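**Student:** The structure that follows is given in the form of structure tokens.
Just so it is clear, none of the values below were taken in a lab; they were calculated from the coordinates. Quick caveat, the model's predicted, so the values are computed rather than measured. All Cβ positions, even for glycine, are placed from backbone atoms using ideal geometry, and neighbour counts span all protein chains on display.
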Amino acid sequence: MTTLHYSDADLEIHRVVVGKYANNVFVVRCKATGEAVLIDAADEHEKLLELCRSLGVTRVLETHGHFDHIQAVPAMREAGYEVAVTALDAPYLVDVGYDVFIADGDVIEVGRLRLDAIQNPGHTPGSISFAVQGAPILFTGDTLFPGGPGNTKLKGGDFATIIDSLDKKLFRFPDNTIVLPGHGLDTTIGNERPHIQEWVDRGW
């Protein structure tokens, strides 16, 4: 099974789709050092552990705390992987556990790579995206998908807040920025930004 989804001179991104909700799980790997991080330990922990061992993953970053994104967390922690989540979404992980907090503005080192943490409330209070410095890559969790924002009808969600998150934080990225969402296909900021008023008008 080939998992390579994107690569350039400095990094590799691997992707697998797991579970009944077809969650995207990504691994960001520094080519220079071999160090890697896994984004969203969603489900099918055996597959994820195999991926982690083969790609040099050292820890897990959670984009948010909804149950479909955290089902593999206990197995990951048991295997010795540190799991990070925002303080606002930590309550969602009370049954599976976590180790450290990520905050808005944090810079996460993965070998020589740097990931900027961008808090994007709206889908959940503590949803967070990760932008790779020096590469046109943005992991958006369930905040932004092809065709609109993530669901805001669940507890802790708010439509006006997610629109504000998109407008002020994510749509400042260049048009060619590749959006890697928590489910479904990739898109780009340039594809999505022009439609924000349509989303506001339709209300979802």
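**Student:** Once amide H atoms are placed 1.01 Å from N in the peptide plane, what residues at a sequence separation of 5 or more from Arg59, or on another chain, have their amide H within under 5 Å of its amide H?
**Tutor:** Under 5 Å from the amide H of Arg59 lie the amide H atoms of Leu38, each far enough along the sequence or on another chain.
**Student:** Related question: Exposure proxy check: Cys52, Cys30 ranked by fewest other beta carbons within 10 Å?
**Tutor:** Working: Cys52 23, Cys30 19.
In increasing order of surrounding Cβ atoms, one gets Cys30, Cys52.
**Student:** Also: Determine, for Lys31, Lys155, the number of other Cβ atoms within 10 Å of each Cβ, and report the residues in order from fewest to most. Mind showing how you got there, number by number?
**Tutor:** Working: Lys31 15, Lys155 7.
In order of increasing Cβ crowding within 10 Å: Lys155, Lys31.
**Student:** Can you return the aspartates and glutamates within cross-link range of Lys169? Criterion is Cα-Cα under 18 Å, with same-chain partners fewer than 8 residues away left out.
**Tutor:** Excluding near neighbours in sequence, the set is Asp104, Asp106, Asp116, Asp142, Asp158, Glu192.
**Student:** If packing is taken as the average number of other Cβ atoms within 10 Å across a peptide's residues, how do 133-143, 87-97 rank, most packed first?
**Tutor:** Values: 133-143: 21.8, 87-97: 16.5.
For the peptides 133-143, 87-97, the packing ranking is 133-143, 87-97.
**Student:** Another question about this same structure. Fewest Cβ neighbours within 10 Å first, please rank Ser7, Ser129 accordingly. Before the final figure, lay out the partial values.
**Tutor:** Values: Ser7 12, Ser129 25.
The order, fewest Cβ neighbours first, is Ser7, Ser129.
**Student:** Which aspartates and glutamates does Lys31 reach when only Cα atoms under 16 Å apart count, and residues fewer than 8 places away in its own chain are ignored?
**Tutor:** Asp8, Asp10, Glu12, Glu109
**Student:** What number comes out for the charge environment of Gly111, summing +1 per Lys or Arg and -1 per Asp or Glu over other residues with Cβ under 13 Å away? Before the final figure, lay out each step's value.
**Tutor:** Numbers: positive: Arg29, Lys31, Arg59, Arg112, Arg114; negative: Asp10, Glu12, Glu35, Glu109.
Summing Lys/Arg as +1 and Asp/Glu as -1 gives +1.
**Student:** Rounded, prolate or oblate: which fits the range 85-161, taking a ≥ b ≥ c as square roots of the Cα gyration tensor eigenvalues, rounded meaning a/c under 1.5, else prolate when a/b beats b/c? It would help to have the intermediate numbers written out before the result.
**Tutor:** On the way: a/c = 2.41, a/b = 1.22, b/c = 1.97.
Oblate, since a/c reaches 1.5 and b/c is not below a/b.
**Student:** Follow-up question, since we're still on this one. Quick one: what are the phi-derived ³J(HN,Hα) couplings along the range 193-204, Karplus 6.51/-1.76/1.60 with θ = phi - 60°, whole Hz, x for glycine and proline?
**Tutor:** Using θ = phi - 60°, the values come out as 3, x, 9, 4, 5, 4, 5, 4, 5, 7, x, 7 Hz.
**Student:** Sequence neighbours fewer than 8 away in the same chain don't count; with that in mind, list the lysines whose C-alpha is under 21 Å from Lys47.
**Tutor:** In chain and number order, the partners are Lys20.
**Student:** Non-local amide H neighbours of Asp89 (under 5 Å, H modeled in plane, Pro and chain starts lacking H): which ones?
**Tutor:** Long-range HN contacts for Asp89: Gly126.
**Student:** Please give the helix 45-55 orientation as an angle from the longest Cα principal axis of the chain, in degrees from 0 to 90, rounded to the nearest 10.
**Tutor:** With both axes taken from Cα atoms, the answer is about 70 degrees.
**Student:** Moving to a separate point now. Quick one: compute the contact order of the chain, relative version, from alpha carbon pairs under 8 angstrom and 6+ residues apart, as a percent. Kindly include the intermediate steps, with their values, before the conclusion.
**Tutor:** Details: 467 pairs, mean separation 28.8, N = 204.
RCO, the chain: 14 percent.
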